[in-house]
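The structure appears below as C-alpha coordinates.
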Amino acid sequence: MLIIFACLVLVGNALAAPVQAHQSEGAEHIVIIDRSHPTPPHVAEVLERLALSESHPDVRRVFNNSAFAGFAASMKSHCLDLLANMTDVSIVEQTVNVRRTTIMKRQSSLAYGTRPNAPWGLQSISTDATVRGNAQAMDYTYSFASSALGKGVDIYILDTGIYTAHNVFDGRATMAWSYDGVMTDVDGHGTHVSGTAAGSILGVASNANIIGIKALDSDGGGWSSNVVAGIDFVIRAHDDRKAKGDGFVGSVISMSLASSSPVQAITSAIAAAIQAGVHTVVAAGNDHEDACGASPSSSGGTAGPALTVGSVGMTGAVSSFSNYGTCVDVYAPGENIISAWPGGPNIINSLSGTSMATPHVTGIVAYAMGNETLAQDPGLMKEWVRMTALRLADGTLLANNGVQADEGDGMLDLRKTVSHANFTAAVVHPDNSARTKRKPGMAVVDSLADCRREAQLHEDVRYLSGARHCNIDHALRTGGRKYS
(Lines give C-alpha, C1' and ligand atoms only; values in the text may rest on other atoms or scores of the structure.)
Protein backbone atom coordinates (compact mmCIF):
# COMPACT_ATOMS: atom_id res chain seq x y z
CA MET A 1 0.00 0.00 0.00
CA LEU A 2 2.90 2.36 0.74
CA ILE A 3 4.17 1.78 -2.77
CA ILE A 4 0.84 2.73 -4.24
CA PHE A 5 0.60 5.87 -2.15
CA ALA A 6 4.13 6.95 -3.11
CA CYS A 7 3.65 6.30 -6.78
CA LEU A 8 0.37 8.16 -7.03
CA VAL A 9 1.53 11.01 -4.79
CA LEU A 10 -1.05 10.45 -2.04
CA VAL A 11 -3.97 8.41 -3.29
CA GLY A 12 -6.16 10.03 -0.67
CA ASN A 13 -5.68 13.40 -2.35
CA ALA A 14 -6.28 11.86 -5.76
CA LEU A 15 -9.57 10.39 -4.57
CA ALA A 16 -10.68 13.60 -2.93
CA ALA A 17 -9.70 15.91 -5.78
CA PRO A 18 -10.01 15.73 -9.56
CA VAL A 19 -7.51 13.43 -11.30
CA GLN A 20 -5.97 16.52 -12.92
CA ALA A 21 -4.10 17.22 -9.65
CA HIS A 22 -1.83 14.28 -10.40
CA GLN A 23 -1.31 15.12 -14.09
CA SER A 24 1.16 17.87 -13.27
CA GLU A 25 3.30 15.65 -11.08
CA GLY A 26 6.35 14.01 -12.58
CA ALA A 27 8.05 14.23 -15.94
CA GLU A 28 6.87 12.15 -18.87
CA HIS A 29 8.92 9.01 -19.49
CA ILE A 30 8.91 6.35 -22.19
CA VAL A 31 8.94 2.74 -20.98
CA ILE A 32 9.77 -0.13 -23.36
CA ILE A 33 9.22 -3.75 -22.33
CA ASP A 34 12.06 -6.21 -22.89
CA ARG A 35 10.73 -8.61 -25.53
CA SER A 36 13.84 -10.79 -25.08
CA HIS A 37 12.89 -11.57 -21.47
CA PRO A 38 11.82 -15.22 -20.94
CA THR A 39 8.34 -14.05 -19.88
CA PRO A 40 7.80 -10.51 -21.16
CA PRO A 41 4.81 -8.87 -19.45
CA HIS A 42 1.88 -7.17 -21.14
CA VAL A 43 1.72 -3.38 -20.99
CA ALA A 44 -1.29 -3.58 -18.66
CA GLU A 45 0.71 -5.70 -16.21
CA VAL A 46 3.56 -3.21 -15.94
CA LEU A 47 1.10 -0.35 -15.54
CA GLU A 48 -0.70 -2.27 -12.79
CA ARG A 49 2.57 -2.61 -10.88
CA LEU A 50 2.66 1.19 -10.86
CA ALA A 51 -1.04 1.49 -9.86
CA LEU A 52 -1.78 2.83 -13.33
CA SER A 53 -3.92 1.70 -16.24
CA GLU A 54 -4.20 2.50 -19.93
CA SER A 55 -7.14 4.80 -19.17
CA HIS A 56 -5.32 6.80 -16.47
CA PRO A 57 -4.83 10.44 -17.54
CA ASP A 58 -1.11 10.28 -16.78
CA VAL A 59 -0.66 7.46 -19.29
CA ARG A 60 -0.15 9.47 -22.47
CA ARG A 61 0.65 6.76 -25.02
CA VAL A 62 0.50 2.97 -25.21
CA PHE A 63 2.69 1.11 -27.73
CA ASN A 64 1.67 -2.40 -28.65
CA ASN A 65 2.69 -3.85 -32.00
CA SER A 66 4.41 -6.93 -33.36
CA ALA A 67 7.88 -5.44 -32.83
CA PHE A 68 7.81 -3.63 -29.47
CA ALA A 69 5.51 -2.74 -26.57
CA GLY A 70 5.47 -0.13 -23.84
CA PHE A 71 3.95 3.19 -22.85
CA ALA A 72 4.63 6.85 -22.10
CA ALA A 73 3.44 8.26 -18.78
CA SER A 74 4.06 11.10 -16.35
CA MET A 75 5.73 9.61 -13.29
CA LYS A 76 7.57 10.74 -10.18
CA SER A 77 10.78 9.28 -8.77
CA HIS A 78 9.29 6.38 -6.85
CA CYS A 79 7.60 5.00 -9.97
CA LEU A 80 10.93 5.34 -11.76
CA ASP A 81 12.66 3.48 -8.93
CA LEU A 82 10.15 0.65 -9.26
CA LEU A 83 10.75 0.46 -13.01
CA ALA A 84 14.50 0.44 -12.49
CA ASN A 85 14.13 -2.81 -10.55
CA MET A 86 11.97 -4.53 -13.15
CA THR A 87 14.16 -6.92 -15.10
CA ASP A 88 11.54 -7.27 -17.83
CA VAL A 89 11.73 -3.57 -18.75
CA SER A 90 14.50 -2.59 -21.17
CA ILE A 91 14.14 1.19 -21.48
CA VAL A 92 13.00 3.94 -19.11
CA GLU A 93 13.78 7.31 -20.66
CA GLN A 94 12.47 10.83 -20.15
CA THR A 95 10.81 12.24 -23.24
CA VAL A 96 12.67 14.98 -25.08
CA ASN A 97 11.76 17.62 -27.61
CA VAL A 98 12.26 16.91 -31.30
CA ARG A 99 11.96 19.33 -34.22
CA ARG A 100 11.69 19.34 -37.98
CA THR A 101 14.99 19.87 -39.79
CA THR A 102 14.35 22.78 -42.14
CA ILE A 103 16.49 25.84 -42.76
CA MET A 104 14.59 28.43 -44.80
CA LYS A 105 11.51 28.98 -46.93
CA ARG A 106 10.28 30.90 -49.96
CA GLN A 107 6.68 30.69 -51.14
CA SER A 108 5.00 30.99 -54.55
CA SER A 109 2.23 29.33 -56.53
CA LEU A 110 2.01 27.12 -59.59
CA ALA A 111 -0.91 25.94 -61.70
CA TYR A 112 -0.79 22.30 -62.68
CA GLY A 113 -2.59 21.97 -65.97
CA THR A 114 0.02 19.57 -67.24
CA ARG A 115 3.07 18.09 -65.58
CA PRO A 116 5.77 20.76 -65.55
CA ASN A 117 9.48 20.09 -65.76
CA ALA A 118 11.08 18.68 -62.64
CA PRO A 119 12.89 20.45 -59.78
CA TRP A 120 16.67 20.20 -59.86
CA GLY A 121 16.74 17.59 -57.09
CA LEU A 122 14.96 15.00 -59.23
CA GLN A 123 17.47 15.41 -62.03
CA SER A 124 20.34 15.20 -59.56
CA ILE A 125 19.25 11.78 -58.25
CA SER A 126 18.82 10.38 -61.76
CA THR A 127 22.00 11.44 -63.52
CA ASP A 128 25.74 11.13 -63.14
CA ALA A 129 26.28 14.58 -64.66
CA THR A 130 26.61 17.73 -62.57
CA VAL A 131 23.35 19.69 -62.49
CA ARG A 132 23.64 23.37 -63.42
CA GLY A 133 21.15 26.20 -63.55
CA ASN A 134 18.70 28.10 -61.37
CA ALA A 135 17.58 26.07 -58.36
CA GLN A 136 14.23 27.88 -58.40
CA ALA A 137 13.53 26.91 -62.01
CA MET A 138 11.35 23.96 -63.00
CA ASP A 139 13.20 23.04 -66.16
CA TYR A 140 15.10 19.91 -65.13
CA THR A 141 14.62 16.30 -66.21
CA TYR A 142 13.74 13.44 -63.90
CA SER A 143 14.71 10.07 -65.39
CA PHE A 144 13.41 6.69 -64.32
CA ALA A 145 13.30 3.24 -65.82
CA SER A 146 10.15 1.83 -64.27
CA SER A 147 6.83 3.63 -64.65
CA ALA A 148 5.57 1.89 -61.48
CA LEU A 149 7.22 4.70 -59.47
CA GLY A 150 6.31 3.28 -56.09
CA LYS A 151 2.89 1.86 -56.96
CA GLY A 152 1.63 -0.31 -54.10
CA VAL A 153 4.11 1.19 -51.61
CA ASP A 154 2.89 2.97 -48.46
CA ILE A 155 5.08 5.95 -47.56
CA TYR A 156 4.49 7.10 -43.98
CA ILE A 157 5.49 10.73 -43.46
CA LEU A 158 6.16 11.06 -39.72
CA ASP A 159 6.06 14.82 -39.45
CA THR A 160 3.67 17.77 -38.99
CA GLY A 161 0.84 16.23 -41.01
CA ILE A 162 -0.11 16.53 -44.69
CA TYR A 163 -2.32 18.95 -46.61
CA THR A 164 -3.95 16.11 -48.50
CA ALA A 165 -5.97 18.33 -50.88
CA HIS A 166 -2.88 19.48 -52.76
CA ASN A 167 -3.02 18.76 -56.49
CA VAL A 168 0.30 16.90 -56.58
CA PHE A 169 -1.09 14.11 -54.41
CA ASP A 170 -3.83 13.09 -56.87
CA GLY A 171 -5.97 11.72 -54.06
CA ARG A 172 -3.17 9.37 -52.92
CA ALA A 173 -2.50 11.22 -49.65
CA THR A 174 -4.36 10.49 -46.41
CA MET A 175 -3.94 11.38 -42.76
CA ALA A 176 -3.91 8.22 -40.64
CA TRP A 177 -2.80 9.26 -37.13
CA SER A 178 -2.23 12.42 -35.14
CA TYR A 179 -0.84 12.86 -31.64
CA ASP A 180 -3.51 15.51 -30.93
CA GLY A 181 -6.32 14.23 -33.12
CA VAL A 182 -6.04 17.17 -35.54
CA MET A 183 -5.73 15.66 -39.01
CA THR A 184 -4.19 18.56 -40.90
CA ASP A 185 -0.83 20.27 -41.50
CA VAL A 186 -0.67 23.77 -40.08
CA ASP A 187 3.13 24.09 -40.23
CA GLY A 188 3.61 22.95 -43.85
CA HIS A 189 6.77 20.93 -43.30
CA GLY A 190 5.10 17.51 -43.63
CA THR A 191 3.33 18.57 -46.83
CA HIS A 192 6.61 19.73 -48.36
CA VAL A 193 8.37 16.48 -47.44
CA SER A 194 5.47 14.46 -48.86
CA GLY A 195 5.58 16.32 -52.17
CA THR A 196 9.26 15.51 -52.70
CA ALA A 197 8.86 11.87 -51.69
CA ALA A 198 5.81 11.09 -53.83
CA GLY A 199 4.16 14.12 -55.43
CA SER A 200 2.96 13.48 -58.97
CA ILE A 201 4.75 16.56 -60.30
CA LEU A 202 7.48 17.27 -57.79
CA GLY A 203 8.22 13.88 -56.29
CA VAL A 204 10.32 10.77 -56.79
CA ALA A 205 7.87 7.88 -56.24
CA SER A 206 4.85 9.58 -57.80
CA ASN A 207 2.54 6.54 -57.69
CA ALA A 208 3.07 5.62 -54.04
CA ASN A 209 0.47 6.00 -51.29
CA ILE A 210 1.28 8.90 -48.96
CA ILE A 211 0.17 8.49 -45.35
CA GLY A 212 0.45 11.24 -42.76
CA ILE A 213 1.60 10.43 -39.22
CA LYS A 214 1.42 13.67 -37.26
CA ALA A 215 3.96 13.63 -34.42
CA LEU A 216 5.02 17.31 -34.57
CA ASP A 217 2.96 20.42 -33.78
CA SER A 218 2.15 23.56 -35.74
CA ASP A 219 5.57 25.00 -34.94
CA GLY A 220 7.43 21.88 -36.06
CA GLY A 221 8.23 20.69 -32.54
CA GLY A 222 7.10 17.76 -30.43
CA TRP A 223 8.00 15.05 -27.95
CA SER A 224 9.87 11.82 -28.41
CA SER A 225 6.94 9.87 -26.98
CA ASN A 226 4.78 11.03 -29.91
CA VAL A 227 7.47 9.91 -32.35
CA VAL A 228 7.57 6.45 -30.76
CA ALA A 229 3.75 6.32 -30.78
CA GLY A 230 3.78 7.20 -34.48
CA ILE A 231 6.22 4.39 -35.23
CA ASP A 232 4.03 2.04 -33.18
CA PHE A 233 1.04 2.96 -35.38
CA VAL A 234 3.06 2.40 -38.57
CA ILE A 235 4.18 -1.09 -37.55
CA ARG A 236 0.61 -2.11 -36.76
CA ALA A 237 -0.67 -0.62 -40.02
CA HIS A 238 2.13 -2.36 -41.95
CA ASP A 239 1.24 -5.71 -40.39
CA ASP A 240 -2.43 -5.20 -41.31
CA ARG A 241 -1.62 -4.27 -44.91
CA LYS A 242 0.75 -7.20 -45.25
CA ALA A 243 -1.90 -9.61 -43.99
CA LYS A 244 -4.51 -8.31 -46.43
CA GLY A 245 -2.23 -8.24 -49.48
CA ASP A 246 -4.38 -6.51 -52.11
CA GLY A 247 -1.51 -5.19 -54.23
CA PHE A 248 0.53 -4.13 -51.21
CA VAL A 249 4.27 -3.91 -51.93
CA GLY A 250 5.75 -2.62 -48.68
CA SER A 251 6.15 0.28 -46.25
CA VAL A 252 8.72 3.02 -45.71
CA ILE A 253 8.83 5.63 -42.95
CA SER A 254 10.27 9.08 -43.70
CA MET A 255 11.45 11.02 -40.62
CA SER A 256 12.66 14.56 -41.23
CA LEU A 257 13.15 15.55 -37.61
CA ALA A 258 15.88 15.67 -34.98
CA SER A 259 16.50 15.74 -31.25
CA SER A 260 19.36 17.51 -29.50
CA SER A 261 20.86 14.20 -28.32
CA PRO A 262 20.42 10.46 -28.91
CA VAL A 263 17.06 9.11 -27.71
CA GLN A 264 17.23 5.43 -26.86
CA ALA A 265 13.46 4.92 -27.20
CA ILE A 266 13.46 6.29 -30.75
CA THR A 267 16.51 4.21 -31.65
CA SER A 268 14.84 1.09 -30.28
CA ALA A 269 11.54 1.80 -32.07
CA ILE A 270 13.30 2.34 -35.41
CA ALA A 271 15.24 -0.91 -35.04
CA ALA A 272 12.00 -2.73 -34.21
CA ALA A 273 10.24 -1.22 -37.24
CA ILE A 274 13.02 -2.31 -39.56
CA GLN A 275 13.02 -5.76 -38.00
CA ALA A 276 9.30 -5.88 -38.80
CA GLY A 277 10.08 -5.12 -42.45
CA VAL A 278 9.41 -1.37 -42.50
CA HIS A 279 12.11 0.55 -44.41
CA THR A 280 13.14 3.69 -42.51
CA VAL A 281 14.80 6.85 -43.88
CA VAL A 282 15.82 9.64 -41.49
CA ALA A 283 17.36 13.12 -41.64
CA ALA A 284 20.95 13.73 -40.57
CA GLY A 285 20.13 17.07 -38.93
CA ASN A 286 21.17 20.68 -39.57
CA ASP A 287 23.70 21.54 -36.85
CA HIS A 288 26.87 20.92 -38.91
CA GLU A 289 28.06 18.33 -36.42
CA ASP A 290 28.35 14.58 -36.03
CA ALA A 291 25.01 12.96 -36.91
CA CYS A 292 25.73 10.25 -34.32
CA GLY A 293 24.98 12.82 -31.62
CA ALA A 294 21.22 13.01 -32.21
CA SER A 295 18.14 10.93 -32.98
CA PRO A 296 16.93 9.55 -35.26
CA SER A 297 20.09 10.21 -37.30
CA SER A 298 22.20 8.00 -35.00
CA SER A 299 20.15 5.01 -36.19
CA GLY A 300 21.83 5.00 -39.59
CA GLY A 301 25.19 4.71 -41.29
CA THR A 302 27.53 2.20 -39.68
CA ALA A 303 25.72 2.65 -36.36
CA GLY A 304 22.33 1.22 -37.25
CA PRO A 305 19.92 -0.22 -39.83
CA ALA A 306 18.17 3.00 -40.92
CA LEU A 307 19.18 5.12 -43.90
CA THR A 308 20.43 8.50 -42.67
CA VAL A 309 20.52 11.29 -45.24
CA GLY A 310 22.67 14.41 -45.34
CA SER A 311 22.23 17.41 -47.63
CA VAL A 312 24.10 18.66 -50.71
CA GLY A 313 23.60 21.66 -52.95
CA MET A 314 23.36 21.70 -56.72
CA THR A 315 27.14 21.40 -57.20
CA GLY A 316 27.31 18.27 -55.06
CA ALA A 317 29.10 19.99 -52.20
CA VAL A 318 27.87 19.04 -48.73
CA SER A 319 25.59 21.79 -47.39
CA SER A 320 27.14 24.05 -44.76
CA PHE A 321 24.35 23.18 -42.32
CA SER A 322 24.29 19.40 -42.85
CA ASN A 323 25.34 16.98 -40.17
CA TYR A 324 27.93 14.42 -41.23
CA GLY A 325 29.96 11.44 -40.06
CA THR A 326 29.75 7.67 -39.89
CA CYS A 327 26.04 7.69 -39.07
CA VAL A 328 25.26 9.22 -42.49
CA ASP A 329 24.66 6.77 -45.36
CA VAL A 330 24.19 9.07 -48.34
CA TYR A 331 23.64 12.72 -49.23
CA ALA A 332 20.82 14.05 -51.40
CA PRO A 333 19.59 17.41 -52.71
CA GLY A 334 18.62 19.60 -49.77
CA GLU A 335 19.05 23.22 -50.84
CA ASN A 336 16.30 25.34 -52.41
CA ILE A 337 14.00 22.37 -52.92
CA ILE A 338 10.61 23.19 -54.46
CA SER A 339 7.66 21.16 -53.22
CA ALA A 340 4.02 21.28 -52.11
CA TRP A 341 2.72 23.67 -49.45
CA PRO A 342 -0.58 24.15 -47.59
CA GLY A 343 -2.91 27.05 -48.30
CA GLY A 344 -4.27 25.94 -51.64
CA PRO A 345 -4.08 23.03 -54.09
CA ASN A 346 -1.45 24.76 -56.26
CA ILE A 347 0.82 26.38 -53.65
CA ILE A 348 4.50 25.48 -53.62
CA ASN A 349 7.41 26.52 -51.44
CA SER A 350 11.20 26.39 -51.60
CA LEU A 351 12.92 25.06 -48.47
CA SER A 352 16.39 23.93 -47.47
CA GLY A 353 17.56 21.37 -44.92
CA THR A 354 18.30 17.70 -44.44
CA SER A 355 14.50 17.48 -44.13
CA MET A 356 14.36 18.16 -47.85
CA ALA A 357 17.17 15.73 -48.67
CA THR A 358 15.55 12.85 -46.78
CA PRO A 359 12.37 12.46 -48.91
CA HIS A 360 14.49 12.19 -52.07
CA VAL A 361 15.94 8.98 -50.63
CA THR A 362 12.55 7.93 -49.25
CA GLY A 363 11.25 8.17 -52.81
CA ILE A 364 14.21 6.21 -54.18
CA VAL A 365 13.51 3.44 -51.67
CA ALA A 366 9.81 3.32 -52.63
CA TYR A 367 10.80 3.30 -56.32
CA ALA A 368 13.30 0.48 -55.80
CA MET A 369 10.71 -1.58 -53.93
CA GLY A 370 9.40 -2.53 -57.37
CA ASN A 371 12.02 -5.25 -56.95
CA GLU A 372 10.49 -7.82 -54.60
CA THR A 373 13.82 -8.90 -53.12
CA LEU A 374 14.68 -5.36 -52.06
CA ALA A 375 11.13 -4.65 -50.92
CA GLN A 376 11.26 -7.52 -48.44
CA ASP A 377 14.70 -6.79 -47.01
CA PRO A 378 15.44 -3.32 -45.52
CA GLY A 379 19.06 -4.34 -44.92
CA LEU A 380 19.59 -5.25 -48.55
CA MET A 381 17.82 -2.04 -49.60
CA LYS A 382 20.22 0.00 -47.47
CA GLU A 383 23.16 -1.65 -49.18
CA TRP A 384 21.59 -1.11 -52.62
CA VAL A 385 21.04 2.60 -51.93
CA ARG A 386 24.66 2.99 -50.87
CA MET A 387 25.88 0.92 -53.81
CA THR A 388 24.02 2.88 -56.48
CA ALA A 389 25.10 6.22 -55.00
CA LEU A 390 27.79 8.17 -56.84
CA ARG A 391 31.05 8.44 -54.92
CA LEU A 392 32.90 11.76 -55.12
CA ALA A 393 36.63 12.12 -54.60
CA ASP A 394 36.09 13.22 -50.98
CA GLY A 395 34.12 10.05 -50.27
CA THR A 396 30.70 11.69 -50.28
CA LEU A 397 28.00 9.34 -51.56
CA LEU A 398 25.39 11.14 -53.66
CA ALA A 399 22.04 9.35 -53.74
CA ASN A 400 20.99 8.02 -57.15
CA ASN A 401 18.01 5.97 -58.31
CA GLY A 402 20.18 3.64 -60.38
CA VAL A 403 19.46 5.36 -63.68
CA GLN A 404 22.53 7.63 -63.91
CA ALA A 405 21.18 9.17 -67.11
CA ASP A 406 22.85 11.42 -69.63
CA GLU A 407 20.50 14.33 -70.38
CA GLY A 408 17.59 12.43 -68.84
CA ASP A 409 17.89 9.38 -71.09
CA GLY A 410 18.86 6.80 -68.50
CA MET A 411 17.59 3.26 -68.63
CA LEU A 412 19.05 1.27 -65.75
CA ASP A 413 16.65 0.16 -63.05
CA LEU A 414 16.51 -2.92 -60.85
CA ARG A 415 15.21 -4.78 -63.88
CA LYS A 416 17.33 -5.17 -66.99
CA THR A 417 15.69 -3.05 -69.67
CA VAL A 418 18.42 -3.15 -72.30
CA SER A 419 21.33 -5.40 -73.15
CA HIS A 420 24.71 -4.83 -71.60
CA ALA A 421 26.08 -3.71 -74.97
CA ASN A 422 23.45 -0.99 -75.24
CA PHE A 423 23.81 0.27 -71.67
CA THR A 424 24.33 3.97 -72.44
CA ALA A 425 25.25 4.87 -68.87
CA ALA A 426 28.43 2.79 -69.05
CA VAL A 427 31.77 3.20 -70.72
CA VAL A 428 33.87 0.28 -71.96
CA HIS A 429 37.39 0.02 -70.63
CA PRO A 430 40.33 -1.68 -72.40
CA ASP A 431 39.66 -4.91 -70.52
CA ASN A 432 36.08 -4.85 -71.92
CA SER A 433 34.57 -4.44 -68.46
CA ALA A 434 31.75 -1.95 -68.02
CA ARG A 435 32.06 0.62 -65.28
CA THR A 436 29.62 3.37 -64.49
CA LYS A 437 30.42 6.89 -65.59
CA ARG A 438 31.39 9.31 -62.88
CA LYS A 439 30.77 12.96 -62.19
CA PRO A 440 33.84 15.20 -62.47
CA GLY A 441 35.98 14.67 -59.41
CA MET A 442 34.66 11.22 -58.67
CA ALA A 443 37.10 8.67 -57.37
CA VAL A 444 37.59 5.34 -59.13
CA VAL A 445 35.05 2.91 -57.72
CA ASP A 446 36.59 -0.12 -56.09
CA SER A 447 36.47 -3.40 -57.99
CA LEU A 448 33.85 -4.97 -55.75
CA ALA A 449 31.50 -2.07 -56.40
CA ASP A 450 32.14 -2.48 -60.14
CA CYS A 451 31.30 -6.16 -59.79
CA ARG A 452 28.10 -5.38 -57.95
CA ARG A 453 27.07 -2.72 -60.45
CA GLU A 454 27.66 -5.13 -63.30
CA ALA A 455 25.70 -7.77 -61.42
CA GLN A 456 22.81 -5.32 -61.19
CA LEU A 457 22.69 -5.24 -64.98
CA HIS A 458 21.98 -8.97 -64.90
CA GLU A 459 19.07 -8.60 -62.44
CA ASP A 460 20.87 -10.63 -59.81
CA VAL A 461 20.60 -8.84 -56.46
CA ARG A 462 22.18 -11.85 -54.76
CA TYR A 463 25.47 -10.12 -55.54
CA LEU A 464 24.64 -7.48 -52.97
CA SER A 465 24.94 -10.01 -50.16
CA GLY A 466 28.71 -10.19 -50.05
CA ALA A 467 32.06 -9.97 -51.82
CA ARG A 468 32.71 -13.68 -51.94
CA HIS A 469 29.44 -14.49 -53.68
CA CYS A 470 30.04 -11.67 -56.13
CA ASN A 471 33.60 -12.73 -56.86
CA ILE A 472 32.85 -16.41 -57.38
CA ASP A 473 29.69 -16.08 -59.46
CA HIS A 474 31.04 -13.22 -61.50
CA ALA A 475 34.21 -15.16 -62.22
CA LEU A 476 32.17 -18.11 -63.44
CA ARG A 477 30.08 -15.90 -65.68
CA THR A 478 33.07 -14.12 -67.25
CA GLY A 479 35.37 -17.05 -67.75
CA GLY A 480 37.59 -16.65 -64.73
CA ARG A 481 38.04 -12.88 -64.37
CA LYS A 482 37.93 -12.13 -60.65
CA TYR A 483 37.78 -8.97 -58.59
CA SER A 484 39.72 -8.47 -55.41
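The values are calculated or read from the model by the stated rules, or taken from the named source; none is laboratory data. The structure displayed is predicted, hence computed values, not measured ones. So basically every Cβ, Gly included, is an ideal-geometry build from the backbone, and we count neighbours across all protein chains shown. What goes into the accessible areas is simple: the full protein's heavy atoms, side chains included, and nothing from ligands, DNA or RNA. Shrake-Rupley method; radii C 1.70, N 1.55, O 1.52, S 1.80 Å.
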Residue list for the range 201-223, filter: out of contact with any Lys or Arg (no Cβ under 8 Å at 6 or more places or on another chain) and either at pLDDT 95 or above or under 30 Å from S126 (Cβ atoms) (or both): L202, G203, V204, A205, S206, I211, G212, I213, K214, A215
Residue list for the range 319-338, restricted to those being over 21 Å from S194 (Cα atoms) and either of a type in the set (S, T, N, Q) or surrounded by fewer than 24 Cβ atoms within 10 Å (Cβ to Cβ) (or both): S319, S320, F321, N323, Y324, G325, T326
Residues of the range 35-94 satisfying the condition of being closer than 22 Å to A272 by Cα, part of a loop (DSSP other than H, G, I, E, B) and open to solvent by less than 50 Å² (accessible area, probe 1.4 Å): H37, P41, N65, A67, F68, M86, D88
Some residue of the range 156-166 being among the small types (G, A, S) and open to solvent by less than 40 Å² (accessible area, probe 1.4 Å): yes
Positions within the range 309-343 being in a loop (DSSP other than H, G, I, E, B) and hydrophobic (A, V, I, L, M, F, W, C), in sequence order: M314, A317, F321, C327, V328, W341
Residue check, T130 among the polar types (S, T, N, Q) and in a loop (DSSP other than H, G, I, E, B): yes
Unmet criterion (only one of (1) within 26 Å of R100 (Cβ to Cβ); (2) buried (at least 24 other Cβ atoms within 10 Å of the Cβ)) for A389: (2)
The range 291-300, residues that are in contact with a helix residue (DSSP H, G or I) (Cβ under 9 Å, 6 or more places away or on another chain) and open to solvent by 10 Å² or more (accessible area, probe 1.4 Å): C292, S298
Long-range neighbours under 6 Å by Cβ, at least six apart or interchain, first residue under 12 Å from S194 (Cα atoms) and assigned to a helix (DSSP H, G or I) within the range 349-363, second open to solvent by 10 Å² or more (accessible area, probe 1.4 Å) and polar (S, T, N, Q): S355/T102
Subset of the range 239-287 (residues that are without any contact (Cβ under 8 Å) to a residue 40 or more places away in the chain and either surrounded by fewer than 24 Cβ atoms within 10 Å (Cβ to Cβ) or assigned to a strand (DSSP E or B) (or both)): D240, K242, A243, K244, G245, D246, P262, T267, A271, D287
Residue in the range 17-25 that is at pLDDT 90 or above and among the charged types (D, E, K, R) present: no
Residue satisfying condition, being polar (S, T, N, Q), within 23 Å of N336 (Cα to Cα) and free of Cβ contacts under 8 Å to residues at least 60 places away in the same chain, within set N209, N117, N167: N117
Single condition G171 does not satisfy, out of (1) outside any strand (DSSP E or B); (2) open to solvent by 20 Å² or more (accessible area, probe 1.4 Å); (3) in contact with a helix residue (DSSP H, G or I) (Cβ under 6 Å, 6 or more places away or on another chain): (3)
Meets criteria (within 28 Å of N117 (Cβ to Cβ), open to solvent by 10 Å² or more (accessible area, probe 1.4 Å) and not aromatic (F, W, Y)) for N226: no
